[in-house]
1. Kindly provide the set of residues from region 141-171 that are in contact with a Leu (Cβ under 8 Å, 6 or more places away or on another chain), part of a helix (DSSP H, G or I) and either surrounded by 19 or more Cβ atoms within 10 Å (Cβ to Cβ) or β-branched (Val, Ile, Thr) (or both), ordered by number.
2. Report those helices (runs of 4 or more DSSP H) wholly inside region 301-359 carrying at least 1 residues which are modelled with pLDDT of 90 or more.
3. If I ask for residues that are at pLDDT 90 or above and in a loop (DSSP other than H, G, I, E, B), which ones from region 258-296 would you list?
4. Output the number of the condition that residue 209 fails; it satisfies all remaining conditions of (1) crowded, with 19+ Cβ neighbours inside 10 Å; (2) over 30 Å from residue 85 (Cβ atoms).
5. Any chance you could count how many residues in region 105-127 are more than 26 Å from residue 151 (Cα to Cα) and touching a helix residue (DSSP H, G or I) at 6+ places or on another chain (Cβ under 9 Å)?
6. What's the number of the condition residue 289 fails, among (1) surrounded by 14 or more Cβ atoms within 10 Å (Cβ to Cβ); (2) of a type outside the set (Phe, Trp, Tyr); (3) farther than 30 Å from residue 84 by Cβ?
Amino acid sequence: MKYTNRSLRQRKGDKWEVVFTYVDPVSQTNKPVYRTVTAKTRKAAEKARDDLRFALESESDVQLSKTSVASYTADFIERKRKSGTVERSTIAGYKTESKIMTKYISDKPIEELRIADVDNLIAQMISDGYTPCTCGKIFRLLKMTLKDAMAHDLITKNPCDYTRPPRRPKQEIRALSKSERTRMLSLVRKVDLNPLSLAIELALATGMRRGELCALRWSDLNESGVIHVRRALGADSGAFYEKETKTTSSTREIPLAKPTLDVLVNYKEELSIRANELQVPFDDPYILCKTGLGTKPYNPTLLTREFTTFAKMNGFNCTFHDLRHTFATYMVTSGVDISTVASYLGHSNVAVTLNTYATVDPDAKRAALATIEQAIGYAS
């Protein structure tokens, strides 16, 4: 660690006050250090000061090099939190990943971490049953932490630059067929309006993400039937909070089809009547709410759990997020241009939309198979 000379003042007799400053590697602020040296002349005092500075730098380098991976990672995460540049939900994820990582390399001094240690970390995690996805997240956190340590001259190279996490298997996109989609909509429209049925309707009609749906307020729906996606719910330490959308492109406008708009209008009228009966204000509540009249949003975790139960009871093999895939696939196979589909989904890259959804519709695949059979002479 580098110390900088700030002042040298003679006190009484041969006593000289020396002031150094250094940059704290955790807080990134200048810290003063006060010392006293003994010398008969200023030149001798300057020599004593320089010797002292060298000793302090050598001592601090030894201390910093002994900083454990666990300790430095915790400091790194805390600095990210204080900076305000990282979402609370992301910080919560970092903390979870750090707990797993430090089970394996907690006491290892950061200066002694080698490529083999990183490889062993990943191998042990895989052996203990962690998925490639989890291993990848932990690897990226470690890589960021070590990059930060390099920037502060604690290490000279980043071991993560010379190895890779396990390849994450490509997840197969699951989209409901047209008949499954129709049956699901029929089921939710047969029951009284409730947050789950409305969430399913909106997911199939808009392709919105779970956190975006749960963060919707009635003010986000205008008189023209357009939903303005402005925020989402993020997770932090078991609780949820409002945050900005995932990306700039995720802040978007989604026009609703008339059947879905009618469902929302009817639901709002019911809630308004109920609020009048209870003599409570109906200002700007959440659209999806399990209790009361919208003062608290539908918990996204609860939404997932209740949808899973609904799907199993009714013979659907899908997750709630698959409803977003279903919406996107249906639009693509209906001939909607890719850029429009991307804007509905909030994708910043049209190529992502095309590569993800162009070939996953089961009905389209069956139709393509019939065409292929006819082309090569198998069809009668």
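The values are calculated or read from the model by the stated rules, or taken from the named source; none is laboratory data. Nothing here was measured: the structure is a model prediction, and the numbers come from that model. We place every Cβ from the backbone using ideal geometry, glycine too, and count neighbours over all the protein chains shown.
1. 142, 146, 160
2. Helices (runs of 4 or more DSSP H) meeting the threshold: 321-333, 338-345.
3. Of everything in region 258-296, those that are at pLDDT 90 or above and in a loop (DSSP other than H, G, I, E, B) turn out to be 287, 288.
4. Exception for residue 209: condition (2).
5. 3
6. Among (1) surrounded by 14 or more Cβ atoms within 10 Å (Cβ to Cβ); (2) of a type outside the set (Phe, Trp, Tyr); (3) farther than 30 Å from residue 84 by Cβ, residue 289 violates only (3).
Results for (1) at pLDDT below 90; (2) surrounded by 16 or more Cβ atoms within 10 Å (Cβ to Cβ); (3) touching a Phe, Trp or Tyr at 6+ places or on another chain (Cβ under 9 Å); (4) charged (D, E, K, R), shown as yes or no for each residue.
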| site | (1), (2), (3), (4) |
| --- | --- |
| 12 | yes, no, no, yes |
| 15 | no, no, no, yes |
| 18 | no, yes, yes, no |
| 38 | no, no, yes, no |
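Yes or no, residue by residue, for (1) touching a Leu at 6+ places or on another chain (Cβ under 6 Å); (2) over 28 Å from residue 168 (Cα atoms); (3) assigned to a loop (DSSP other than H, G, I, E, B):
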{"site": "59", "(1), (2), (3)": "no, yes, no"}
{"site": "72", "(1), (2), (3)": "no, no, no"}
{"site": "90", "(1), (2), (3)": "no, no, no"}
{"site": "104", "(1), (2), (3)": "yes, no, no"}
{"site": "111", "(1), (2), (3)": "no, yes, no"}
